[in-house]
1. Taking 7 Å along the Cα-to-C-beta vector as the label spot, tell me the Asp30-Lys459 distance in nanometres, rounded to one decimal.
2. What order do you get for 195-205, 413-423, 4-14 when each peptide is scored by the mean count of other beta carbon atoms within 10 Å, highest first?
3. Per-residue HN-Hα couplings for region 222-227, Karplus 6.51 cos²θ - 1.76 cosθ + 1.60 at θ = phi - 60°, whole Hz, x for Gly and Pro?
4. Under a plain spin-label model, where a point goes 7 Å from the Cα along Cα-to-Cβ, how far apart in nm are Ser248 and Asp40?
5. Roughly how many nanometres apart are two label points built 7 Å out from the Cα toward the Cβ at Lys301 and Thr327?
6. Please give the length that would be gained between Glu220 and Ile15 if that part of the chain were fully extended, namely 0.36 nm times their separation in residues minus their C-alpha to C-alpha distance (nm, one decimal).
7. Using C-alpha positions alone, give me the convex hull volume of region 403-443 per residue in cubic angstrom.
8. Can you list residues whose amide H is under 5 Å from Leu228's amide H, if they're 5+ apart or on another chain and H is modeled 1.01 Å from N?
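What follows draws every value from the coordinates through simple rules; no lab data is involved. Being a predicted model, the structure only gives us computed values, none of them experimental. Backbone-built Cβ (ideal geometry, glycine too); neighbour counts: all protein chains shown.
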Amino acid sequence: MKKSTIWLISGVMGIAFAGLLLLQISYIEDMAKMKKEQFDESVNRSLYQASRNLEMNETLRYLEKDVNNVERRAYNQDSIMVDGLDGSIRHSHQFAVAADDGTVYSAFELKTFTTKPASVPKAMIMHRDKNSMSEATKSLQEIVRNRYVYQKALLDEVVYNILYTASDKPLKERVNFKLLDNDIRNELLNNGINLPYHFTVSTTDGREVYRCPDYSSEGEENCFTQTLFRNDPSSKMGVVKIHFPDMSSYIFSSIRFMIPAVIFTVVLLITFIFTIVVIFRQKRYTEIKNDFINNMTHELKTPISSISLAAQMLSDESVTKSPAMMTHLGGVINDEAKRLRFLVEKVLQMSMFDRKTASFKKKELDLNELLEQVASSFNLRVSHTGGKIDLEIEAVDSALFVDEVHFQNAITNLMDNAVKYRKPEEPINIHIRTWNEGEKLCFSIADNGLGIKKEDAKKIFDKFYRVHTGNVHDVKGFGLGLAYVKKIINLHDGEIRCDSELGKGTKFTITLPILKEE
């Protein structure tokens, strides 16, 4: 499958997953916001009703008190009038309510009875008058009570007392905090909220007059307030503040069912991303494998052809078999066989490291001496190009505990790369330096060769990776050299770093632990 097709499918699926996840998150946010608005509205409605109940209870207390006082001050008056014309007697029953200063609030005539003594027996008259008076008195009291409550004219004194007497009392005397707590709880339950809460009552200027016994400041940032006695002067008003420690969990409970869906979507998205990464990695490994096969075919083809040609010449009777010719053909066959064995061993070495079957035979070595030996072995190849090898020895503690064969092969690979990847028709100069850095022993190998691009420098330690040079095969190899070097350095608890600039050269820096004396 083409890389562009994979990118297209990945883009479409990625946008679909991201859109689904964003929609779910947006839906959760909207639900939480709506639940919070409903919660706020319910709490504010409950507090408003509780404040109204508080005011109504205070009003009822004063009304009951004032009604009792007025009833005690109320008086009735009976009058009897005799009509001289027909001899009839008129009995009038009146009732009056007056203030302390004598002002009459209400006076009315309740009932009037007219009798004619001449036409009614005396005993009957006495009995009738007695029953009428008793009945009138009872009716009078009931009418006064009802009329007092519902007639605005008789409430003036009560309103006056509430406005100027009740509001003069301190807030803590006007509010029954236990009753207020019960009202708040009942109103919250009526609005579907069954959460623990904490509340305080304070004056408008911020002086706290009451705090619930189990008060906690947790969740205090989300506080709801309601004014008490809002029709009183501002200095006489109160403020009740309430907050819910578990409000967040209450809001979260309404969207909890969406959490698994979001988790599954995230898992699918991560799985999809991981799958795409694996696909691209496998595609890259396939390309590297194909490059490796092509390189290996080309690398093995040359020695095989040379050996095959030499064998044909040995078997060809028409070719004169002089001693010099036989020596030359034998040398060709031997050199090409060694070359084949070296290429095969490279692949086998990496295979052993991957299977973790390679074994080290470590011993104490001196890094300065080892680098001098390697430099001496490469001196002829470098001087042949017109260049030179500079060796700068600065390390004082240069003892290492390493496998001599593998470690020397790693250094040889670095030197071999410096010679192979030189600029055409230009001398190659190699600078080797050693130094100590704390408890570490460091050395670097720098050259003035072709250099490496930044994007290639990140991959040069990968197996089978080779910097692309088109179809030019003047530089031999499988792309295993630097992977082998990095593996060896890591297995010796060291680190390797590559610094390169295209056209200016490459520098490899290796850091290793020093062998400490016991």
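1. Label at Asp30, label at Lys459, 4.6 nm between them.
2. Descending mean neighbour count gives 413-423, 195-205, 4-14.
3. Taking θ as phi minus 60°, the curve returns 9, 9, 10, 10, 8, 7 Hz for region 222-227.
4. A separation of 1.8 nm, rounded to one decimal place.
5. A separation of 3.4 nm, rounded to one decimal place.
6. Full extension from Glu220 to Ile15 adds 69.7 nm.
7. 76 Å³
8. For Leu228, the qualifying residues are Gly238, Val239, Val240.
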